[in-house]
1. May I ask you to list the residues in region 160-169 that are open to solvent by less than 80 Å² (accessible area, probe 1.4 Å) and assigned to a loop (DSSP other than H, G, I, E, B)?
2. Taking strands (runs of 3 or more DSSP E) that fall entirely within region 20-70, which contain at least 1 residues that are at pLDDT 90 or above and within 15 Å of the chain's Cα centre (by Cα)?
3. Being under 25 Å from ASP179 (Cβ atoms) and among the small types (Gly, Ala, Ser), is that true of even one residue in region 27-38?
4. Out of all the residues in region 12-45, which are touching a residue at least 40 places away in the same chain (Cβ under 8 Å), open to solvent by 20 Å² or more (accessible area, probe 1.4 Å) and under 21 Å from ILE144 (Cα atoms)?
5. Pull up region 72-119, narrow it to residues that are of a type in the set (Val, Ile, Thr) and outside any strand (DSSP E or B), then point me to the one that is modelled with the lowest pLDDT.
6. For region 159-169, give me each residue that is at pLDDT below 95 and within 18 Å of VAL51 (Cβ to Cβ).
7. Any residue in region 149-159 that is hydroxyl-bearing (Ser, Thr, Tyr) and assigned to a strand (DSSP E or B)?
Amino acid sequence: MLKGGGGLAMTARHVADSLMPGKAAVLFVGNDGSWQPAAILGIDKHSTQDVAVLRLEPGDYPSPFTLSGFEEYASLHYTLWGYPDAVLHEIDGPDGRALQRPDLVYSEGYIRRRITRRLPAVQGDRFFELSTVSGGGCSGAPVISQRPRDHWKVIGVYVGQCRSENNDLAVGYAVRISDLPVDAPTGWPFSA
């Protein structure tokens, strides 16, 4: 969820590809601290980058997150929370029924570099290469600046990871928010 986002949430496009408006929901933490569902009424997918905006049912969605249009570069530290595949075993009980969601898994690292070209197996051409692999299942997670004045500023959306051929290096990738026209009056996804 985005602060002041008017019922909008952002995720990876490849995550949104599996969602059906009217049949899917997101969970958020309500003002009372409990998990609350919000139905997804529409999905706006970016035409070239691996991001999508989810349009939620009308409601009050408290969120500390804001999008940062500031261009970031190598060495900036970030944090990320997600549900990597490695914790999926914690979700299912012995009878196969879903248990309560596990706590979000924390990752941190730094931007290794900016990439402005296509990469194998990742849609788009505007990425941060991240020092830490957060894992499959974390796609769509917000990448948050750790600059003190930017607390809770989302600088990217985690979209995947890659290992080198000899398996000695693994990096993550995030779509750069600063390269999306989210503030333009007629820019994706906010045009009428």
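1. SER164, LEU169
2. Per the criteria, 35-45, 52-56.
3. No: region 27-38 contains no residue that is under 25 Å from ASP179 (Cβ atoms) and among the small types (Gly, Ala, Ser).
4. Once the filter is applied, which keeps residues that are touching a residue at least 40 places away in the same chain (Cβ under 8 Å), open to solvent by 20 Å² or more (accessible area, probe 1.4 Å) and under 21 Å from ILE144 (Cα atoms), region 12-45 yields ARG13, HIS14, VAL15, LEU27.
5. Out of the qualifying residues, it is ILE91.
6. First, pick out the residues of region 159-169 that are at pLDDT below 95: 160-169.
Passing the criteria: GLY160, GLN161.
7. Residues of region 149-159 hydroxyl-bearing (Ser, Thr, Tyr): 158.
Restricting the remaining residues to those that are assigned to a strand (DSSP E or B) gives 158.
Yes; the residues of region 149-159 include at least one that is hydroxyl-bearing (Ser, Thr, Tyr) and assigned to a strand (DSSP E or B).
Matching residues to (1) over 25 Å from HIS46 (Cβ atoms); (2) modelled with pLDDT under 95; (3) surrounded by 11 or more Cβ atoms within 10 Å (Cβ to Cβ); (4) in contact with a Gly (Cβ under 6 Å, 6 or more places away or on another chain):
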position	(1), (2), (3), (4)
GLY135	no, yes, yes, no
ARG147	yes, yes, yes, no
TRP152	no, yes, yes, no
VAL157	no, no, yes, no
VAL171	no, yes, yes, no
PRO181	no, yes, yes, yes
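The values are calculated or read from the model by the stated rules, or taken from the named source; none is laboratory data. Because the structure is predicted, anything quoted here is derived from the model rather than measured. Glycine also receives a Cβ, built like all others from the backbone with ideal geometry; neighbour counts cover every protein chain displayed. The accessibility values were calculated without ligands, DNA or RNA, using every heavy atom of the protein model including side chains. Shrake-Rupley method; radii C 1.70, N 1.55, O 1.52, S 1.80 Å.
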